[in-house]
1. Name the residues in the stretch 475-525 that are charged (D, E, K, R) and in contact with an Asp or Glu (Cβ under 8 Å, 6 or more places away or on another chain), would you?
2. Please go through the stretch 266-319 and pick out each residue that is open to solvent by less than 70 Å² (accessible area, probe 1.4 Å), of a type in the set (A, V, I, L, M) and not in a strand (DSSP E or B).
3. If you go through the stretch 450-497 one residue at a time, how many are open to solvent by 30 Å² or more (accessible area, probe 1.4 Å), not in a helix (DSSP H, G or I) and not polar (S, T, N, Q)?
4. Taking into account only those residues within the stretch 425-449 that are of a type outside the set (A, V, I, L, M, F, W, C) and crowded, with 19+ Cβ neighbours inside 10 Å, which is nearest to residue 495 (Cα to Cα)?
5. Given the conditions (1) under 28 Å from residue 567 (Cα atoms); (2) among the polar types (S, T, N, Q); (3) crowded, with 16+ Cβ neighbours inside 10 Å, and given that residue 651 satisfies all but one, which numbered condition is not satisfied?
6. Could you tell me which residue of the stretch 210-219 is surrounded by the most Cβ atoms within 10 Å (Cβ to Cβ), considering only residues that are among the aliphatic types (A, V, I, L, M) and at pLDDT below 80?
7. Just give me the residues in the stretch 523-541 being surrounded by fewer than 19 Cβ atoms within 10 Å (Cβ to Cβ) and within 21 Å of residue 580 (Cα to Cα), in sequence order.
8. Answer with yes or no whether residue 544 is in contact (Cβ under 8 Å) with a residue 12 or more places away in the chain, outside any helix (DSSP H, G or I), open to solvent by 20 Å² or more (accessible area, probe 1.4 Å) and not hydroxyl-bearing (Ser, Thr, Tyr).
Amino acid sequence: MTTLAVAKTVALLWVLLTAFPLVDCVLLDNIPPNGFVAANTKIGKETYRVISRIDAPSICTELAVTIPTPYENYGGKYSLEPRPYNLRPAWRFEDKYVSFVNNQGEGTWLIGDKPGVDAGIAYARHNYPTLIPPSKEYYILASAGGWQSAPEIEVQCTGVKVGKSFFMLETGKGDVTILVPKLAEAGSCKEKKMRKSHFGQLTSGETSFPHLPFLCSASIFDKNFQTWTKFEVLQDIEPLWFGGALVSDPTKSPKPLVIVSAEFIYEIGWRLTCIDPNDTTRNVYPILSTNGELTLPDEYNEAYKREINAEYERESGKTGANNFIPKVLSKTDSKLSEIGRTLLSNMKLRQWVWVFAYPPLPDTNDVPKAYASVTIEPKGMVLQLVAREKHKLVFQWHSTDRGRVLHRRALDAVVSTITVDLEEEKFTMTVFGRNNSNGVVMDILSAIPLGTTAIEYIRQYLGMHEGMYGISSCFMYHSGTSLPEPFVYAAEIACVLSGAKPIGMIQFTSPSDDETVYPLVRELCEHIVAFKALHGEAFPIDWKVFKYTYPETGADHETLIIYRSNRKDLVRALRPEGEVAQALHILPFPRNSNENDRIEDLKEQLFLSYWNGKVLGYPDNMIEVYIREFKSDLAANLRAEQIIKARDAVTIFFKESNISPITIKNGLDVPVTESFWESLPSVVENKATEPCPEEVCDECEIEY
């Protein structure tokens, strides 16, 4: 394509996109950033889970690429190509391309000499769908071979941008796809005519940009047919927001329940978890079907129904309240925010709260940089109250995005604060962080206080969910779906202390990951080490440090191993041998200098994952799912080979070594005494701040 043709392409797109102004926010407001929405598509009425809202354009006509030496000649202005590659747009600069390949996960964006081919000098890969390349987080081809992180690479949209946001959706079959709201005012906008007259000119008679979403209506990408299809949101069905409310209580004063999580059940729908914000022990588990029907089955809800029945009988004198049909409250209903405001006003210093809040829609296609560091949290945010003066509260906040949190550092914890003014008419919070010192305002939907201390809430949660889905709550799979994400790693340590897990692994030292940025993790580890030094063999927990040094970089990765003292044989059975196994890093790290060596390392990674999974007490089916879904270049048949090979090898190992394989479960080992929990610094601090009744004041004066 000549330079003149490219210029005409961009000019025509500019005419098209300025002739049809961007749509207002009506449709976007009817789609929650995280929740559920019902819609009509070509397959009929369906319910979709909205995984997240991504505040980024859907179309871009020009990319500016900045790239370091020795590939600086790949830097420049790339213009939108008239044809798609792998059903995504591509951009061209001279004889170089930015294009997309459908290889792993949600695909890869590549900078290289050939479009749509899995080859190039730089790439970016994300675990969420994208319509245009990400601006950062690229890897570059190293001069000695292999790939290395290249923070210097930037890919910015400098041309015409269309759209403010799009959405990741999960279908009733578990597939993940993209929804794009309508991009132009409907008015006189006729899709076929517009696409033919404008896109058709750009393709010199070819089809009219089938890789781009519709302009006059919302559209969803159909992965089966690899095309865009129209998506009509049903206005008569209330969308369901995480952090929003539903009621299924037929008494005179029904209590709203906060929707905190959903677990996908294939071809049935989703099992929701809802919590009473005034009582976190009061949970309800409705089922949302793929056609949008909400029900409250007896399974897991018997206690709730008995409680409501008793209250209904006291109020009405009638026997049996059977009308347990969950009803979603509108987001504009003020009940939940009023409850949240009251609950926050009653909080004490150092207490924790689970808050669901969402940033407003961006005003323009240029999303402020501040918003980039406070993305929409899929499971709310966990806050700890650190200061207050009258009606103004200051919290430290913890993200629920586990992948993003692991890359945070101690500095982030210091500067990550939230302020709430309880006297403001609108219930909002202002979020501060490393990259947003001016603050970002978010609308608070709901708040759930988590008791006096975080560890008490975690222990209560594990006890409530033990055996609930036929497995121990310490598996952190089904049971972990409704635990606030920042508490998951502390909960795993608590499971070792309670005797349900034999071994806990905590990543401390790593160039990229650090589990100690999560609440309570460092405190629990320090307390375990101190308690062991104080009580010796009487304390049934021990610890070791495992270290792995990556030969190609020399970088050290260190993991603290917390284990039951009677399970030394299992610790020695972890692989690779020699106190090397790591908590978050699947070993060995692949060698990049030789492709055959790299493939062998990838195969060994999965072999050792199966082996260590069995040693740690996970069941076969969970380990196999992990291996099949692990992001790796290995083909499915090679993964299956490693599962069989590892299963046979670890079975022989257990038999020959006379070690009995274990399963994670409550009662596996004896729990530590309550004195451990009572002397935990955060628990002691909370007791010290409690008011002391005068009649027992002498007993309160304890030296710590």
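The values are calculated or read from the model by the stated rules, or taken from the named source; none is laboratory data. Computed from a prediction, not measured in an experiment: that's the story for all the values here. Here Cβ is always computed from backbone atoms with ideal geometry, including for glycine, and neighbour counts include all displayed protein chains. Ligands, DNA and RNA are stripped out before the accessible areas are found, and what is left, the full protein with its side chains, is counted by its heavy atoms. Shrake-Rupley method; radii C 1.70, N 1.55, O 1.52, S 1.80 Å.
1. 485, 501
2. 296, 303, 308, 310
3. To start, the set of residues in the stretch 450-497 that are open to solvent by 30 Å² or more (accessible area, probe 1.4 Å) comprises 451-452, 456, 459-460, 463-464, 466-471, 477-478, 481, 492.
So of that shortlist, the ones also not in a helix (DSSP H, G or I) come out as 451-452, 466-471, 477-478.
Next cut, not polar (S, T, N, Q) only: 451, 466-471, 477-478.
Counting residues in the stretch 450-497 that are open to solvent by 30 Å² or more (accessible area, probe 1.4 Å), not in a helix (DSSP H, G or I) and not polar (S, T, N, Q) gives 9.
4. Of the residues in the stretch 425-449, the ones of a type outside the set (A, V, I, L, M, F, W, C) are 425-426, 428, 430, 433-439, 443, 446, 449.
When the remaining residues are screened for being crowded, with 19+ Cβ neighbours inside 10 Å, the result is 433, 436, 446, 449.
Working: 433: 32, 436: 37, 446: 29, 449: 23 Å.
Ranking the candidates gives 449 first.
5. Result: residue 651 fails condition (3) only.
6. Of the residues in the stretch 210-219, the ones among the aliphatic types (A, V, I, L, M) are 212, 215, 218.
Cutting the leftovers down to at pLDDT below 80 gives us 212, 215.
Values: 212: 21, 215: 27.
Per the criteria, the residue is 215.
7. 529
8. Working: in contact (Cβ under 8 Å) with a residue 12 or more places away in the chain: yes; outside any helix (DSSP H, G or I): yes; open to solvent by 20 Å² or more (accessible area, probe 1.4 Å): yes; not hydroxyl-bearing (Ser, Thr, Tyr): yes.
So residue 544 fits the description; yes.
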